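A quick write-up on the structure given underneath.
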Amino acid sequence: MDFELKTFDLADACRQKCDALVALVTEDASGGADPVSRLAQDARKSGDFEPKPGKLLQAWRVDGVAAKRVVIAGAGDGSGKRVQAAVQAAVGALRTKGVKRLLIALPADAGDEAVRAAVTATAETSYVYVATKSKPEGRELERVTIAVPASVTAHRQAFDAARGTAVGIEFARELGNLPPNLATPTRLGEEAKKLAKAQGFRCEVLGPKEVEKLGMGSFMAVARGSEEPLRFIVLQYRGAADSQAPVVLVGKGITFDSGGISIKPAPEMDEMKFDMSGAASVLGTFRALGELKPKLNVVGIIPACENLPDGRAMKPGDVITSMSGQTIEVLNTDAEGRLILCDALTYAERFKPRAVVDIATLTGACVIALGGVRSGMFSSDDALARALQDAGDAAFDLCWRMPLDDEYAEGLKTNFADVANVGGRPAGSVTAAKFLQRFAGKYPWAHLDIAGTAWKGGGAKGSTGRPVGLLVQYLLSQQDSAAAAKAPRRKAAAAR
Ligand code: BES
Ligand code: MN
Ligand code: ZN
């Protein structure tokens with residue numbers, strides 16, 4: 001699907017030949033003399049349309065409009081959030097109607113936020129999964145024109161960023177949705193290699209032997225119950241000088257989480273194919289980096305394996321030794337995410353990162369705490385936490401900061417190792433983060449628990465591609481500060 005940005009007011013938009021015209025109407029729209037504005041005003045007067053977000057008025061062959069279908073969509077106050085809701089509703093209503101060419105006319109006072117929201121919401125709503133259907137009927141949309149009344153140059157940057165982000169989000173969704181017999185650790189490694197080749201990234205994919213040499217006893221313990229060989233994926237994007245410290249993204253890549261010996265109940269266990277969503281979000285973010293080529297360095301690290309029960313699987317009570325040297329008592333084999341992430345966090349030290357962000361479908365407790373609206377965000381660094389929160393707001397991919405008080409780590413104490421892999425049930429997402437924090441002391445660190453946001457269950461079951469939007473926005477925001485962060489450090493070194 002192609003996006004283009006054009007300068008059109010609603011009168012121009014009415015003259016464009018396309019399969020459907022979506023016109024966003026705000027509450028304070030003054031109302032022009034073009035046919036669509038008149039229709040909206042008439043319908044408002046008679047009580048058939050309200051410009052509230054999500055409200056639609058659908059029409060067919062309107063006099064003076066070149067497009068066959070017209071959807072007037074209420075956009076409330078015209079903010080990004082309202083535009084997102086309006087576009088979701090309108091594009092949703094046009095699905096399966098054979099619309100290939102779509103024009104979306106934004107309100108007169110649309111800002112960058114509205115442009116970003118229109119692009120990402122269109123991509124999101126029109127996505128169709130086909131990878132494992134025998135009669136694939138994919139996305140109908142081929143060309144989408146976003147029309148802004150003001151000059152396009154003002155919105156070009158926001159538009160391009162949104163378009164690149166949408167590609168990354170879709171890449172993550174597609175991987176997330178693949179069944180676990182296809183999306184194996186090996187496949188994730190191959191996808192990373194393919195991506196690296198196409199986009200010019202550096203990429204290394206390590207197997208069991210190399211991981212053993214690195215001393216990743218914790219990661220290896222999780223993989224032990226599976227016939228699928230583990231993979232440890234390292235991707236490197238270079239958009240700035242080598243001397244510039246990279247941001248490192250670490251993604252949980254459990255391609256299926258049965259719980260292991262501490263096996264999960266059968267209902268909804270299929271959803272544990274989404275337990276590699278953190279990994280998918282790292283790959284999706286790299287896909288977007290390839291499109292956007294920002295001026296900074298980024299490393300992606302993905303530990304990938306299955307968590308299955310087997311005669312050789314790790315058991316409750318086992319004590320394992322992590323790459324950091326810390327010993328871990330496994331009290332619940334279903335708390336496996338932290339066991340693969342801790343070794344990846346130790347590995348990240350070698351990049352002398354300016355920040356490390358791990359992304360993981362880590363705890364059911366986070367779903368209970370925040371649901372599917374906001375990802376849980378934990379950070380040892382206030383500036384990093386603020387940057388992630390702001391990025392999430394700007395990308396309509398929200399997160400919420402959670403606490404890391406040391407008292408929450410009490411439950412992780414054990415008589416038989418340095419730390420246990422589970423605390424009690426209270427504040428389960430926080431104790432998981434406290435566990436990870438023990439391995440992330442050498443750099444500014446943040447952890448995103450995306451257990452509630454990475455996929456939807458029920459009838460709309462499927463990957464959301466979150467938090468690729470947040471991550472890309474965060475990385476784009478770091479371009480200037482990446483260069484700035486380098487300068488004072490050099491000065492300090494010279495002064496010594
Ligand atoms: N992948 C799960 C987390 C999860 C559970 C995500 C449900 C989405 C929905 C993770 O590996 C897990 O099993 N966590 C356990 C931890 C517990 C044993 C301390 C959990 O949340 O139940
Ligand atoms: Mn688990
Ligand atoms: Zn898991």
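The values are calculated or read from the model by the stated rules, or taken from the named source; none is laboratory data. Note that this is a predicted model, so its numbers are computed, not measured. Note that each Cβ is placed from the backbone with ideal geometry, even for glycine, and that neighbours are counted across all protein chains shown. Accessible surface is based on the protein model in full, side chains and every heavy atom, while ligands, DNA and RNA are left aside. Shrake-Rupley method; radii C 1.70, N 1.55, O 1.52, S 1.80 Å.
Points worth noting:
- On inspection, Phe416 does not qualify as in contact with a Lys or Arg (Cβ under 7 Å, 6 or more places away or on another chain), in the same structural domain as Ala335 (by TED's automatic domain parsing) and either modelled with pLDDT under 95 or away from ligand 1 (no atom under 13 Å from the Cβ) (or both).
- The condition (being modelled with pLDDT of 95 or more, within 16 Å of ligand 3 (Cβ to nearest atom), surrounded by fewer than 24 Cβ atoms within 10 Å (Cβ to Cβ) and in a loop (DSSP other than H, G, I, E, B)) is satisfied by just one residue among Asp334, Asp310: Asp334.
- Residue match in the stretch 150-167 (condition: surrounded by fewer than 14 Cβ atoms within 10 Å (Cβ to Cβ) and among the β-branched types (Val, Ile, Thr)): yes
- Residue check for Gly428: under 26 Å from Glu291 (Cβ atoms), open to solvent by less than 20 Å² (accessible area, probe 1.4 Å) and modelled with pLDDT of 95 or more: no
- Subset of the stretch 337-355 (residues that are open to solvent by 10 Å² or more (accessible area, probe 1.4 Å), in contact (Cβ under 8 Å) with a residue 24 or more places away in the chain and away from ligand 2 (no atom under 16 Å from the Cβ)): Thr346, Tyr347, Glu349, Phe351, Lys352, Pro353, Arg354
- Among the helices (runs of 4 or more DSSP H) confined to the stretch 172-252, the ones with at least 1 residues that are open to solvent by 50 Å² or more (accessible area, probe 1.4 Å), out of contact with any Phe, Trp or Tyr (no Cβ under 8 Å at 6 or more places or on another chain) and without any contact (Cβ under 8 Å) to a residue 12 or more places away in the chain are located at 185-199, 208-213.
- Condition met for Ala158 (in a helix (DSSP H, G or I) and not assigned by TED's automatic domain parsing to the domain that holds Cys305): yes
- Here is the figure for the stretch 432-456: residues that are under 14 Å from Leu341 (Cβ atoms) and more than 13 Å from the chain's Cα centre (by Cα) total 12.
- Hey, Met314 within 16 Å of ligand 2 (Cβ to nearest atom), without any contact (Cβ under 8 Å) to a residue 24 or more places away in the chain and under 23 Å from Thr184 (Cβ atoms) or not: no
- Within the set Lys213, Lys273, the sole residue that is within 16 Å of ligand 3 (Cβ to nearest atom) and among the basic types (Lys, Arg) turns out to be Lys273.
- Where Gly32 falls short, out of the listed (1) modelled with pLDDT of 95 or more; (2) open to solvent by 20 Å² or more (accessible area, probe 1.4 Å): (1)
- Looking only at the stretch 249-270, residues that are within 11 Å of ligand 1 (Cβ to nearest atom) and either among the hydrophobic types (A, V, I, L, M, F, W, C) or not assigned by TED's automatic domain parsing to the domain that holds Ala223 (or both) come to 4 in all.
- So Asp358, is it within 16 Å of ligand 2 (Cβ to nearest atom), part of a strand (DSSP E or B) and touching a residue at least 60 places away in the same chain (Cβ under 8 Å): yes
- Of the residues making up the stretch 264-283, one or more are open to solvent by less than 30 Å² (accessible area, probe 1.4 Å), within 18 Å of the chain's Cα centre (by Cα) and of a type in the set (Ser, Thr, Tyr).
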